[in-house]
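Enquirer: What follows is a single structure, and I will ask about it in a moment.
The values are calculated or read from the model by the stated rules, or taken from the named source; none is laboratory data. Owing to the predicted nature of the structure, the values given are computational and were not obtained by experimental measurement. All Cβ positions, glycine included, derive from the backbone under ideal geometry; neighbour counts span all protein chains shown. Side chains included, ligands, DNA and RNA excluded: accessible areas come from the protein's heavy atoms. Shrake-Rupley method; radii C 1.70, N 1.55, O 1.52, S 1.80 Å.
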Amino acid sequence: HFLDELPNSGLEPTSLHISALDYEIHLKSGGEIIWPRKADLEHVYSNLTSFLVSPSIKSDKTFLNKLRTLDLRTEDKVFYTFRE
């Protein structure tokens, strides 16, 4: 369900990598989303969508194309980096 909902947020997953501690979704745009395996997916998705609909993110039409990483490993926080 989590993967199916991502396109509704403008994110197009291409692959999923599972490590000992984290999940990583690789996106068509070249970025990735990381979250801990122990996390509740509903909570992760809620944090992610809240972040993506925030006015500062939504106003930057190129945000998803510049994105390198959306890091959801810290509870109730989203850290991001851009590609150079």
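Enquirer: I'd like to know if the stretch 53-66 contains one or more residues that are open to solvent by less than 40 Å² (accessible area, probe 1.4 Å), in contact (Cβ under 8 Å) with a residue 12 or more places away in the chain and not hydroxyl-bearing (S, T, Y).
Expert: The answer is no, given that none of the residues of the stretch 53-66 is open to solvent by less than 40 Å² (accessible area, probe 1.4 Å), in contact (Cβ under 8 Å) with a residue 12 or more places away in the chain and not hydroxyl-bearing (S, T, Y).
Enquirer: Suppose the filter is modelled with pLDDT of 95 or more, under 23 Å from H1 (Cα atoms) and open to solvent by 80 Å² or more (accessible area, probe 1.4 Å); does R37 pass it?
Expert: Yes, satisfied.
Enquirer: Additional query: Can you spot a residue in the stretch 12-31 that is in a loop (DSSP other than H, G, I, E, B), within 17 Å of H1 (Cα to Cα) and open to solvent by 50 Å² or more (accessible area, probe 1.4 Å)?
Expert: yes
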